[in-house]
Amino acid sequence: MGQNVLFLARLLQRIDFVESVTLVDAGDQQAMPPQVDMAAMGLGFGRARELTDALDVVIEMAGALDVQWLSYFRACGGRVVFHCVGQPFAALAEPIVFTDKGHFSKPDRCDEVWLLPKDEVFAPMMRTIHRCPVHEVPYLWSPQFLAQRVAEVEAAGYPFGYRPRTAEQPGFRVAIFEPNISVVKTCSVPMLICDGAYRADPSAVTSMQVLNSLHLKDHPTMLYLANSLDIVRQHKATFHGRNDFAGFMVQFADAVVSHQWQNDQNYGYLDALYGNYPLVHNSPWLRDAGYYYPDFDIAAGAAQLREAVRSHDLQLDDYRARAQRVFQSVDPLNPANIEGYAQRLLHLVGGNAAFRADAARAAA
């Protein structure tokens, strides 16, 4: 979400009637990450109560803003948008069902809700909860931060990006990056896909690396699932904690197998495509990029993984070209994306004479 905020801020700066963009500190960190140079990006930064008179529009995106301040801000004529980038149904249902904790902010705190295309199906739910208009906005991504990390690992002597295999390694070392903190994205289906491909052809999968899984390693169901797989029984599987994408891929993996449930736009997919790594996925949004299998079709996923083993080295140029078309469509500087957000801002402020369309200020 932090990257998403910065990509949106970068886009907003390109809208001719946006006077300034300020990041509102809604977290518990005292400073931005070292990868973020606020001065170079031309972004302001401050706490909400200090910025009340300096803002016209507030976009709540990667942190929950104080509802009392939001009410005051709106009473002063400001406009508030809840830009929901996480899967909203899981965020609502899972804390109720699985834990005794959760967060539910005042639902009528905003003037509009913005959803990404992946969550358009949840628009009626969000409209009912938040009692305001719900609109779809473009999905944004840039390799900006991935490229920074790639430069670091390459400076350490680890080249990033897919390399054609040699006779000594006929198959793929597969990485599974699902976060395993929600049913939306877990390792269970990718593990079954890897095992299906391994059973059909043991040379196809040299190893299976399951990341973000150490907190599950002693869970009985996980143990029974893992120990039922041939690829685990043959000691071809390793379970890891959290790792960054570039740092892990340059050392331990050649391909990525993924799965999502009603959450088909993910930065991890774009990171894999950026490195030309074979990406076996079930995202309809990326049907024309990577190696697509539908829904929960594990047999189709295993077949796509084996197809990638057979053909990826032969079709790298076409694979790269298809990925580039995706990157262009989500670029924050793509004129179509800038226009999409510009129209939403104009619609948001259009009924209030206190706003000047040629000098609006936005905060994310």
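General observations
- Residues satisfying the stated conditions in segment 161-181, i.e. surrounded by fewer than 17 Cβ atoms within 10 Å (Cβ to Cβ), out of contact with any Gly (no Cβ under 8 Å at 6 or more places or on another chain) and at pLDDT 95 or above: 179
- Filter result for residue 270 (under 19 Å from the mean Cα position of the chain (by Cα) and farther than 17 Å from residue 191 by Cβ): yes
- Within segment 184-194, being assigned to a helix (DSSP H, G or I) and of a type in the set (A, V, I, L, M, F, W, C) holds for 189, 191, 192, 193, 194.
Condition check ((1) over 16 Å from residue 239 (Cβ atoms); (2) in contact (Cβ under 8 Å) with a residue 24 or more places away in the chain; (3) assigned to a helix (DSSP H, G or I); (4) not assigned by TED's automatic domain parsing to the domain that holds residue 299) across all residues:
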| site | (1), (2), (3), (4) |
| --- | --- |
| 169 | yes, yes, no, no |
| 174 | no, yes, no, no |
| 179 | no, yes, no, no |
| 196 | yes, yes, yes, no |
| 203 | yes, yes, no, no |
| 212 | no, yes, no, no |
| 215 | no, yes, yes, no |
| 221 | no, no, yes, no |
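- Boolean, residue 189 is among the β-branched types (Val, Ile, Thr), surrounded by 22 or more Cβ atoms within 10 Å (Cβ to Cβ), under 27 Å from the mean Cα position of the chain (by Cα) and in the same structural domain as residue 305 (by TED's automatic domain parsing): yes
- In segment 244-255, residue farthest from the chain's Cα centre (by Cα) [restricted to those that are buried (at least 17 other Cβ atoms within 10 Å of the Cβ) and within 21 Å of residue 217 (Cβ to Cβ)]: 253
- When 39, 90 are checked against the criterion of being in the same structural domain as residue 350 (by TED's automatic domain parsing) and farther than 30 Å from residue 152 by Cβ, a single residue qualifies: 90.
- The lone criterion from (1) under 23 Å from the mean Cα position of the chain (by Cα); (2) within 20 Å of residue 313 (Cβ to Cβ); (3) among the polar types (S, T, N, Q) left unmet by residue 182 is number (2).
- Residue in segment 298-328 that is farthest from residue 191 (Cα to Cα), counting only those that are surrounded by fewer than 18 Cβ atoms within 10 Å (Cβ to Cβ), touching a residue at least 24 places away in the same chain (Cβ under 8 Å) and among the hydrophobic types (A, V, I, L, M, F, W, C): 327
The values are calculated or read from the model by the stated rules, or taken from the named source; none is laboratory data. These numbers were taken from a predicted model, which means no experiment stands behind them. We place every Cβ from the backbone using ideal geometry, glycine too, and count neighbours over all the protein chains shown.
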